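To start, the structure itself, in C-alpha cells.
The values are calculated or read from the model by the stated rules, or taken from the named source; none is laboratory data. Everything numeric in this text was worked out from a predicted model, so none of it was measured. Using ideal geometry, Cβ is built from the backbone for each residue, glycine included, and neighbour counts are taken over all protein chains shown. To get the accessible areas, we keep the full protein, side chains included, count just its heavy atoms, and leave off ligands, DNA and RNA. Shrake-Rupley method; radii C 1.70, N 1.55, O 1.52, S 1.80 Å.
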Amino acid sequence: MTNDSGRTIDFDVIPPNPPNEGILFVDHSQANRSGHLGHALVEYEPGKILAFYPNCSDANRGHCATGWMECKRSVDGGETWSEPSVFDYSKRTFDDGQRRSVFCEKALLAPDGAIVIETLECDLTTTPHWHPHFIPMVLRSTDGGETWSDPVPISDEPGRVYDMIRVGDEILALELCNDTAENFVGTRPEHVYNLYVSADSGRSFTLRSTLPLDTEGRGYGTMSLLPDGGLIAYVYNINDERNLDYVISYDDGRTWSEPGTSFFAKQIRNPQMTAFKGGYVLHGRSGSKGDDGVRGNFVLYTSADGINWDEGCYLRMLDAGSGAYSNSIAVGALDPDTPDRLLIQASHAYEEAKTNILHWWLT
C-alpha cells in the first residue's frame with residue numbers, strides 16, 4: 001500500500017488480497033443473534049489477549065442494544081481462542097430488570113498492570129437502540145480478566161467514550177458528552193468532546209480539556225500519538241463522510257490546535273486509528289451515504305504521518321445491512337522478541353442488520 005506522502009506502507013493482510021471473507025470469529029447466525037458495537041481488545045501479557053464482542057437479539061433487524069458483552073481469550077498470540085465467557089457486569093445489568101445494557105468498546109493495559117475497560121451504558125426503556133446514554137464507567141481487573149472491580153465513573157456527563165488510550169503513565173478517555181436523546185451526533189452547544197485523564201491506572205478520572213471543535217453533526221472519535229509526539233483526535237462529520245475533523249495537542253491534551261480536516265477517498269464512518277509498524281492504519285465503515293457499492297463496506301486506510309491517507313482498500317464488501325463497527329490492537333508489542341501483528345475485529349451483517357464478528361490480521 002502506498003501513501004499520498006510518497007512512503008510505502010508495507011502491510012500484508014491475512015487472509016491476503018482484500019476484499020476477502022475475513023476470519024469468522026463469532027458466528028451469531030447459528031442462533032439468529034447479532035452484535036454491532038462493543039469490540040474491546042487488550043493484550044494483557046505477552047501473547048495473552050482478551051477479545052470482547054456483543055451478543056444481542058434480532059430486534060430491529062439485528063441493529064440493536066438488547067444484549068450483553070462476551071469475551072474470548074487467547075494465550076498464544078491469537079492463534080487459537082477459548083470458548084466464549086460472559087462479561088458478568090454486562091449480563092447482570094441486562095438481566096436485572098431495569099432495562100439497561102452495557103457495551104465495551106475499548107480496553108487497555110494500565111501502568112500498574114491492571115486491565116481497564118470502559119463501558120457504554122444504554123437505556124432500553126423506550127427503544128432497542130443504544131439511546132439514551134448514561135454516564136460512562138470503567139472497571140479494572142488485576143487477574144487477567146477473571147474478575148472485575150466495581151465500576152467507577154469517567155465523567156459526570158452522560159455520553160459515550162469513543163476512545164481510550166494510554167500515554168506514558170496516564171490514561172486518556174475521549175467522550176462525546178451527549179445523552180443521544182435527540183441524535184447520536186451533536187445537536188446542542190453542550191454536546192462537546194471532553195478529554196478525561198486518569199493518573200492512577202483507571203481508579204479515577206478528571207477533566208483535562210474540552211476539544212475546540214464544531215460538534216454540530218459530529219459523532220464517533222479516535223486518538224493516536226503522531227511521530228512528532230503530538231496527540232491527534234479525529235471526529236466524524238455526518239454531513240461530510242470524506243473528511244474527518246481533527247485537532248492536535250502537544251501538551252497531553254491540555255491545549256489544542258485549530259481544527260483541520262483529512263480526506264478519505266472511499267468515505268469513513270466510526271473511524272478507528274492505530275499506530276503500527278512506523279505508520280498508521282485507520283478503518284471503519286465506508287460511510288452511510290452515497291450510491292450502493294460505495295457506502296457500507298469495511299474499509300482500511302494507511303498513512304505515514306497520521307494526517308495524509310492513501311486511497312484505501314476494502315477489507316469486506318457489504319453483503320446485507322450495515323455493520324463495520326471495529327477495533328484493532330498491535331499484538332506482540334509487549335515482547336520485543338515477538339514481531340508485531342495487527343488484529344482487526346469488526347462486525348459484518350450476514351442477514352438484514354444481524355451481524356457476525358470477523359477478524360483480519362495485518363503483518
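Taking GLY296, GLY217, GLY168 as the candidate residues, the one with maximal mean-square fluctuation in a Gaussian network model of the chain, Cα springs under 10 Å, is GLY168. Between THR363 and ALA333, the distance separating the two model label sites (each 7 Å from Cα on the Cα→Cβ line) works out to 2.0 nm.
Probe of 1.4 angstrom, ligands and nucleic acids ignored: what's the accessible area per residue over segment 151-251, in square angstrom?
36
Farthest toward the positive end of the dipole of the chain, out of SER209, PRO132, MET273, is the Cα of PRO132, where the dipole comes from beta carbon charges about the Cα centre. Net charge of the neighbourhood of TYR196, taken over other residues with C-beta under 14 Å away and scored Lys/Arg +1, Asp/Glu -1, is -2. Note that segment 297-363 presents 29 Å² accessible area per residue, ligands and nucleic acids not counted, probe 1.4 Å.
FRET efficiency for TYR314 and GLU190, Cβ-Cβ distance as r, R0 = 51 Å, nearest 0.05? E(calc), rounded to 0.05, equals 0.85. Taking label points 7 Å from Cα along the Cα-to-Cβ direction, GLN30 and ASN239 give a separation of 4.7 nm. Each residue of segment 281-298 is assigned a 3J(HN,Hα), and the resulting list reads 10, 9, 9, x, 7, 7, x, 10, 10, x, 6, 4, x, 9, 8, x, 7, 8 Hz, derived from the Karplus form 6.51 cos²θ - 1.76 cosθ + 1.60 (θ = phi - 60°), x at Gly and Pro. Between the residues PHE264, TYR250, ASN237, the greatest Cα displacement towards the positive end of the dipole of segment 224-287, with unit charges on the Cβ of Lys, Arg, Asp and Glu, is found for PHE264.
Taken about its Cα centre, segment 158-301 carries a charge dipole of roughly 440 debye when the Cβ of each Lys and Arg holds +1 and the Cβ of each Asp and Glu holds -1. Within the listed set ALA31, ALA330, ALA199, the residue fluctuating most in the Gaussian network model of the chain (springs between alpha-carbon atoms under 10 angstrom) is ALA31. Percent of accessible area on the chain owned by carbon and sulfur, 1.4 Å probe? C and S atoms contribute 47 percent here.
The modelled label-to-label distance between ASP88 and ASP76, using points 7 Å beyond Cα along the C-beta direction, is 2.9 nm.
By definition, a body whose alpha carbon gyration tensor gives a ≥ b ≥ c is rounded when a/c is under 1.5, and the chain falls into this rounded group. GNM on the chain, alpha-carbon springs under 10 angstrom: the most fluctuating residue among PRO151, PRO271, PRO189 is PRO189. Compute the relative contact order of the chain as a whole-number percentage, counting only Cα pairs closer than 8 Å that sit 6 or more residues apart in sequence. Over the chain, the number comes to 17 percent. Any idea which of THR363, GLY321, GLY290 is furthest toward the positive side of the dipole for segment 229-363, if Lys and Arg beta-carbons carry +1 and Asp and Glu beta-carbons -1? Checking the options against the dipole of segment 229-363, the answer is GLY321. Computed from backbone phi with θ = phi - 60° and the Karplus coefficients 6.51, -1.76 and 1.60, the 3J(HN,Hα) list for segment 318-331 is 4, 10, 9, x, 6, x, 6, 6, 8, 7, 7, 9, 7, 9 Hz; x is used for glycine and proline. The dipole here belongs to segment 241-288: it is taken about the Cα centre, uses +1 on the Cβ of Lys and Arg and -1 on the Cβ of Asp and Glu, and is about 340 debye.
Counting only Cβ charges, +1 for Lys and Arg and -1 for Asp and Glu, the dipole size of the chain around its Cα centre is about 580 debye. In the context of the full protein assembly, LEU195 retains an accessible surface of approximately 0 Å², using a probe radius of 1.4 Å and ignoring ligands and nucleic acids. Of the trypsin sites (Lys or Arg not before Pro) found in segment 38-140, not one falls in a DSSP loop while having at most 11 other beta-carbon atoms within 10 Å.
Listed by chain and number, the lysines whose alpha-carbon sits under 25 Å from that of LYS289, ignoring those within fewer than 8 places in the same chain, are LYS266, LYS354. With a sphere of radius 11 Å drawn around the Cβ of ASN60, what net charge do the other residues whose Cβ falls strictly inside it have (Lys, Arg +1; Asp, Glu -1)? Computed value for this residue: 0. What separates the Cα centres of segment 163-221 and segment 94-154 is a distance of 16 Å.
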